[in-house]
Structures are given as C-alpha cells and as structure tokens.
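Just so you know, all these numbers are worked out from the coordinates, no wet-lab data involved. Not measured: the values here are computed from a predicted model. For neighbour counting, all protein chains shown are included, and Cβ atoms are generated from backbone atoms with ideal geometry for every residue, glycine included.
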Amino acid sequence: MANDTERSSESLDEHVPSTDEEWRRRLTPEQYAVARQGGTERAFTGAYWDTKQPGIYRCVGCGAELFRSDEKYDSGTGWPSFWTTIHDDRVTKVVDRHLGMSRTEVRCARCGSHLGHVFDDGPRPTGERYCINSAVLDLTPGESG
C-alpha cells in the first residue's frame, strides 16, 4: 500500500468536474457512458484487459491512483482484474441491485466515477476480484510498486 508521502506526490487533476457539461467535455463518449452513467464496456474490447505493462492505473475522471499493475491478474473475464486497490481509501463500494441481481459496485472515492464491480472470487491474499472497465482507467507506465 502507498504511504502518505507517495500519495501526496501523485498527479491529481486540480479541478474535478461538478456539472454534467464539464464531464462531457473532459471524457470521450465511451468514458462518459461508463464513468458517469454506470455502463460497462464489452468484454475483451478495452485497452487494458490483457496489458502486462508495469505502471499505475489512474481514474480517467480525476487522476487518482487506483490500482498497480503488480496486483493485476488475468481472471479470464475480459476486463482488467485486480486483487486489491492501491490504497483502501481510493474506492468506495456500493450495493448494486441493478438487473435483478446484487453486486458490489466500485466507484472512485475522489470523483465518484463508476469503475466496475468487486467480487469475492479472486486470488489470495484478499480473495477479491476488482473487475474494472478499461474506459475509466489511464495507465501511467513505469514502476508499480
């Protein structure tokens, strides 16, 4: 997990959009549909589902560091999957009862963007699988640890 010094040096966007108009200007139509409307990209189509490049995955909406490539794994689902977040306070979890099922939605804690869902069928040590849409991620290449 990142310490306070590492967290304070990350590159956050100064201004988080507060209006729908600002969000539409900042994001592509696909990013907007996923991040602001809770959509899901098609499996095996996103930019990062099979990426092995080391780096930090940031929120496309605000630049918050969310996941490290070191914690990414191939879950076989067609979406980027991580067994933990970069730090516990980076995401919020919300019960999602959409479409008649109960899942746990994951949102960026800083800007509220929909990221994906977390499931309890992941690998050790956490047993969690953060199933995240590529459209809401921006990979900053480099060291991830």
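Observations
- For the chain, calculated [θ]222 nm from helices alone, where every DSSP H run of n ≥ 4 adds -39500 (n - 2.57): -3000 deg cm²/dmol
- For the range 4-141, the dipole from Cβ point charges (+1 on Lys and Arg, -1 on Asp and Glu) about the Cα centre works out to 300 debye, to the nearest 20.
- Remark: relative contact order (the range 88-145) = 21 percent; criterion is Cα-Cα distance under 8 angstrom and separation of 6 or more residues.
- For a label point 7 Å along the Cα-to-beta-carbon line of Asp50, residues of the range 123-145 with backbone N under 16 Å: 134
- Annotation for the range 18-124: trypsin sites (Lys or Arg not before Pro) lying in DSSP loop with at most 14 further Cβ atoms inside 10 Å of their Cβ are Arg42, Lys52, Arg97.
- Selection from Thr28, Ser102, Pro125 lying farthest towards where the dipole of the range 4-141 points positive, charges on Cβ: Ser102
- Residue among Tyr73, Trp83, Thr45 farthest towards the positive dipole end of the chain, charges placed on Cβ: Thr45
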